[in-house]
Amino acid sequence: MRKDKYANRKYIVYGFFVFVGIIFLIRIFYLQLYSDEYAFAAENNTLRNVVIYPPRGLVYDRKGKLIVYNEAVFDLMIIPGQAKSIDKIAMSNLLQIDTTEYNKRFAKARKYSSRKASIFEKQLSKKKTAFLQEKLFKFPGFFVQARTLRKYPYANAAHLLGFVGEVNQRDLKKDKFYVAGDYIGKSGIEKFYEKSLRGQKGVQKLMVDVYNREKGAFHNGKFDVEAVNGKSLHTGLDIQLQAYGEKLMQNKIGAIVAIEPSTGEIIAMVSSPSYDPNLLVGRVRSKNYTRLLRNPLKPLISRAVISSYPPGSTFKLAQALIAEQEGVLFPSTHYVCHDGFTYKGLHVGCHHHKPSIDLEESIEISCNAYFCNVYRSIIDNPKFSSAEMGFRQWRKYIMNMGFGRKFGIDLPYEGKGNIPTPEYYDKYYHRGHWNAITTISLAIGQGEILETPLQLANQAAFIANEGFYYTPHIVAMVGDSGLRNAKFAEKHYVGIDKKYFRPVINGMERVVENGTAKLAQIDSVIVCGKTGTAQNPHGKNHSVFIAFAPRENPQIAIAVFVENSGYGGTWAAPIASLMIERHLKGHIPQKRKWLEKRMLEGNLIPKNEK
């Protein structure tokens, strides 16, 4: 049989159709996995995923007053892939920007993603939002999204509350929760409690037509994800006392910290100069932040927890407690003072008073010579083989009291002050060539010792509690469950037996009754305090005062530090007593209005710093 010469042609035809089929398959594969072209045509002309931003948690003071809440604002969002063909000039005119600025913003959004929404213009007013929404159907790829901004009904506690700002690249890398344009706590409790405050984002799937007009929820919201509101914070702060403290510290540089000894809750924390927290909200935030940053008085610094100062004579209380515990000091111990402490050419001056005094008297009149001898007795205690060993034991007590280290307060950027180490003196004097005399300035809270106002207030608290303290903290409770952070309920013992506090507290009571802080007296309230005058090598000395009241069942422990203002009894003590009286009684009686007026009107800022 003769073979058909055209028999093989069918294989060519089959091959052709297979080849065409493979091309179609490759094209379909490409379109589905690599190309955005039909994804936009199908999905984005019917669905829009709108992120629902939850309101941040509210913040309340100790009396239930709302001190931070949220206010609605709106962002104009863009999906660049849908907005490629719109009239740029018309949109620029609508937003009142030039086309160069439009192109810049568009390029930034496209760099982020051509398919995902990002912010084109943020924080629009309600009026402008309403105007835009009437026009946006002409501009596919643009839509409005609701957000919230913080609002502060009281213009106080800026350093404590902190502020919220837009995330940066570091924030985005650190936590995948955020996307460009999101807000995050930048300082204060807004930063520390960010994960509790921020809540959980939701997603709403909306149907839109080809004209960018919303047509309702997709499948009646079946596939929506609800947002979860941020948790509220209930603080120990008394916002009215905080506001009063900020008034007292107007035109002064320094800090006030007031603690409830029985809980460790911070009642007030003033850093002066301060600022209205509303200045760092919304579209004016960047401008105001730059202005505050350039202010020579540095109002952005939280002096209460970051700045460190010499504690001056307030440190004498710690010396007395350590010496009693070590058995080298008793209430009846007398030392002689002839206008100061003198030893082999070294002289530490003191004001004139009767020559021989006991422990309580030494606290009352704040005798430098007495506490130089006390410090020397600790370091040169015969039970230690060297001054270094005595110093290490002294330093151990000091660190147990909370000095020279961070408490772990619920605020970022806490300072730790400074308590010198033996290694520091080994380097400075050479090992074995230093002793109690070469470090004698530590006896009266000078030299290398630095403390934060928070540490000073905590000293008053652990003396009020006769031997222990709770970690100072701002927030008493997160959320409305009633549960409190166990970390802040733990007692920290300072290593001094309770019996040794009585003579020290007696001396502190005498300071206010007859000693260096008579202006701190309050009718019907026993105030126990200690003044300090911290040496300032750059100008006038700093005024320091710590106290607690009432003596029995103390309700407030406080520290006041006023820079460049002289003696502790002149400014710090009166300010502290006014804060105590306002807290305990709710008002300042008429007979003390003269003192209040003097504190309110006092201007202690050096002329060269204004």
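I'm trying to understand the selection: among the residues of segment 494-536, which are of a type in the set (S, T, N, Q) and in a strand (DSSP E or B)? If you could, list the steps in order and put the result at the bottom.
Here is the first cut: in segment 494-536, the ones of a type in the set (S, T, N, Q) are 506, 514, 516, 521, 524, 531, 533, 535-536.
Those that are of a type in the set (S, T, N, Q) and in a strand (DSSP E or B): THR531, THR533.
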Quiz item: Between a first residue in segment 325-351 that is within 19 Å of GLY390 (Cβ to Cβ) and free of Cβ contacts under 8 Å to residues at least 60 places away in the same chain and a second residue that is polar (S, T, N, Q) and surrounded by 15 or more Cβ atoms within 10 Å (Cβ to Cβ), which pairs have beta carbons less than 8 Å apart while being 6 or more apart in sequence or on different chains?
Solution: VAL328/SER377; VAL328/ASN381; LEU329/SER377; TYR335/SER362; TYR335/ASN373
Practice problem: Determine if segment 515-522 includes at least one residue that is at pLDDT 95 or above and more than 30 Å from GLY349 (Cβ to Cβ). | Solution: yes
Self-check item: Condition check for THR342: touching a strand residue (DSSP E or B) at 6+ places or on another chain (Cβ under 7 Å) and polar (S, T, N, Q)
Solution: no
Practice problem: Would you check if ASN536 is farther than 27 Å from LYS247 by Cβ and surrounded by fewer than 19 Cβ atoms within 10 Å (Cβ to Cβ)? | Solution: no
Quiz item: Restricting segment 417-451 to residues that are polar (S, T, N, Q) and part of a loop (DSSP other than H, G, I, E, B), which is nearest to MET401 (Cα to Cα)?
Solution: THR421
Quiz item: Picking from VAL225, VAL167, which residue would you name as being among the β-branched types (Val, Ile, Thr), modelled with pLDDT of 90 or more, assigned by TED's automatic domain parsing to the domain that holds GLY64 and in contact with a Gly (Cβ under 9 Å, 6 or more places away or on another chain)?
Solution: VAL167
Exercise. Could you grab me the full set of residues in segment 253-269 that are part of a loop (DSSP other than H, G, I, E, B) and in contact with a Pro (Cβ under 8 Å, 6 or more places away or on another chain)?
Key: ILE253, PRO261, SER262, GLY264
Self-check item: Meets criteria (farther than 28 Å from GLY432 by Cβ, of a type outside the set (D, E, K, R) and assigned by TED's automatic domain parsing to the domain that holds THR438) for SER366
Solution: yes
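What about GLU121, is it acidic (Asp, Glu) and part of a helix (DSSP H, G or I)?
Details: acidic (Asp, Glu): yes; part of a helix (DSSP H, G or I): no.
Answer is no for this residue.
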Practice problem: From ALA146, ALA157, grab the single residue that is in the same structural domain as GLY81 (by TED's automatic domain parsing) and surrounded by 15 or more Cβ atoms within 10 Å (Cβ to Cβ). | Solution: ALA157
Exercise. Kindly list, by first and then second residue, each pair from a residue in segment 564-582 that is aromatic (Phe, Trp, Tyr) to a residue that is assigned to a loop (DSSP other than H, G, I, E, B), limited to pairs with Cβ atoms under 8 Å and residues at least 6 apart or on different chains.
Key: TYR567/THR516; TYR567/ASN541; TRP571/LYS252; TRP571/SER565; TRP571/GLY602; TRP571/LEU604
Quiz item: Can you tell me which of PRO606, PRO589, PRO554 is in contact (Cβ under 8 Å) with a residue 60 or more places away in the chain and farther than 28 Å from GLY445 by Cα?
Solution: PRO589
Quiz item: Within segment 304-343, restricting attention to residues that are in contact with a Pro (Cβ under 7 Å, 6 or more places away or on another chain) and modelled with pLDDT of 95 or more, which residue is farthest from PHE403 (Cα to Cα)?
Solution: PRO331
Quiz item: So which residues in segment 400-453 are of a type in the set (A, V, I, L, M) and within 29 Å of PHE163 (Cα to Cα), if there are any at all?
Solution: ILE409, LEU411, LEU450
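Each row is one residue, and each column tells you yes or no for (1) of a type outside the set (Phe, Trp, Tyr); (2) assigned to a helix (DSSP H, G or I); (3) out of contact with any helix residue (DSSP H, G or I) (no Cβ under 9 Å at 6 or more places or on another chain).
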residue	(1), (2), (3)
GLY566	yes, no, yes
GLY569	yes, no, no
HIS583	yes, yes, no
HIS587	yes, no, no
LYS593	yes, yes, yes
GLU596	yes, yes, no
MET599	yes, yes, no
Quiz item: What are the residue pairs meeting all of these: first residue in segment 113-132, first residue on the phi > 0 side of the Ramachandran plot, second residue surrounded by 14 or more Cβ atoms within 10 Å (Cβ to Cβ) and aliphatic (A, V, I, L, M), Cβ atoms under 6 Å, and 6 or more apart or on different chains?
Solution: GLN123/VAL73
Self-check item: Subset of segment 274-298 (residues that are over 15 Å from TYR154 (Cβ atoms) and either without any contact (Cβ under 8 Å) to a residue 60 or more places away in the chain or of a type in the set (S, T, N, Q) (or both))
Solution: VAL284, SER286, LYS287, ASN288, TYR289, THR290, ARG291, LEU292, LEU293, ARG294, ASN295, LYS298
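The values are calculated or read from the model by the stated rules, or taken from the named source; none is laboratory data. No experiment lies behind these values; they were computed from the predicted model shown. Using ideal geometry, Cβ is built from the backbone for each residue, glycine included, and neighbour counts are taken over all protein chains shown.
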